[in-house]
1. Looking only at segment 30-40, decide whether some residue is farther than 19 Å from residue 92 by Cα and within 16 Å of the ligand (Cβ to nearest atom).
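The values are calculated or read from the model by the stated rules, or taken from the named source; none is laboratory data. Because the structure is a prediction, the values reported are computed rather than measured. In this analysis, Cβ positions are derived from the backbone assuming ideal geometry, glycine residues included, and neighbour counts consider all displayed protein chains.
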Ligand SMILES: [Zn+2]
């Protein structure tokens, strides 16, 4: 029996972050592309229109829009936090930037709640 799949190249493993959802050293990724990522956490956005998550030619798969957050770390760089909206391009935040966003959100929530 022959193996029709070519062997994929492997690379030296990196040391994964404790929060990496894979933890395998990313040996199938080329050096420079090896990146740890944590488990994605989603917050549904019930006040925005539902989105069609289907690819062109597929049946529509309507779903609530959402915000997504997960930690990531490209080899050789400091960890960052990815913040995205649905399938749109998002932003990578430093930990200080993420704390500032969280602080500003809580400040705005407190402003509204204190007036209730
Ligand atoms: Zn990893």
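1. Initial filter on segment 30-40 (farther than 19 Å from residue 92 by Cα): 30-31.
This time we only want the ones that are within 16 Å of the ligand (Cβ to nearest atom), so: 30-31.
Yes, that holds for at least one residue.
Here is a yes/no grid of residues against (1) under 30 Å from residue 98 (Cα atoms); (2) more than 13 Å from the chain's Cα centre (by Cα); (3) at pLDDT below 95; (4) within 16 Å of the ligand (Cβ to nearest atom):
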residue: 3; (1), (2), (3), (4): no, yes, yes, no
residue: 46; (1), (2), (3), (4): yes, yes, yes, no
residue: 49; (1), (2), (3), (4): yes, yes, yes, no
residue: 69; (1), (2), (3), (4): yes, no, no, no
